[in-house]
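First up is the structure itself, then whatever we jot down about it.
The values are calculated or read from the model by the stated rules, or taken from the named source; none is laboratory data. These figures come from a predicted structure and were not determined experimentally. FYI the Cβ positions are ideal-geometry reconstructions off the backbone, even for glycines, and counts take in every protein chain you see. Heads up: the accessible areas ignore ligands, DNA and RNA and are worked out on the full protein's heavy atoms, side chains in. Shrake-Rupley method; radii C 1.70, N 1.55, O 1.52, S 1.80 Å.
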Amino acid sequence: MTTITPRLDLSPESSLLLLKIGEPSNNDLSVIVIEAKPGTGVIETELGPANPIEADATSRAFEFIWWNYVAYSVRNESYWQQEAGHPPEAALTGVKTASAFLVYVSATTFATDDYPGRLMHWFLNTEWHCIDVVSNTAPEVRELSPAEILRVQMAAPIGQRPS
């Protein structure tokens, strides 16, 4: 795997859906997302007609792995709020050197830029979730094969409430 800044080459109309989040080993974080695109059908919502955002057979999926993170948070994207003094986040993924989440982690842990090293705030904004990770290392990012995508989708469906 190659360590890169987590900016994915997606078309402007694409979005991301969370497929799986978990710890493959203690204090390591794995996040798997799949590309989603506006569908062709129209659905009726509380706010009026809308096009569903869906993954299809051409969608690519990516796994982000942070080895030895300091903290992470998952929020319902419906409650997202722009931070005062910061420009709106247009990107689906990225990194920040200053944020309210970094301030929170600094206030509630003894992690500093001295130990374990320079802390960065990585973010992934998906259709239903806002994921924030503080780590001193960039995530490893890899594209999943179609077989791996299917295996993840079959093992851990997200987005359906039990009946």
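Observations on the model:
- Whichever residue in the range 14-35 is open to solvent by 50 Å² or more (accessible area, probe 1.4 Å) and in a strand (DSSP E or B) and, among such residues, is nearest to ILE65 (Cα to Cα): ILE21
- The condition of being at pLDDT below 95, within 14 Å of VAL31 (Cα to Cα) and out of contact with any helix residue (DSSP H, G or I) (no Cβ under 9 Å at 6 or more places or on another chain) does not hold for ALA147.
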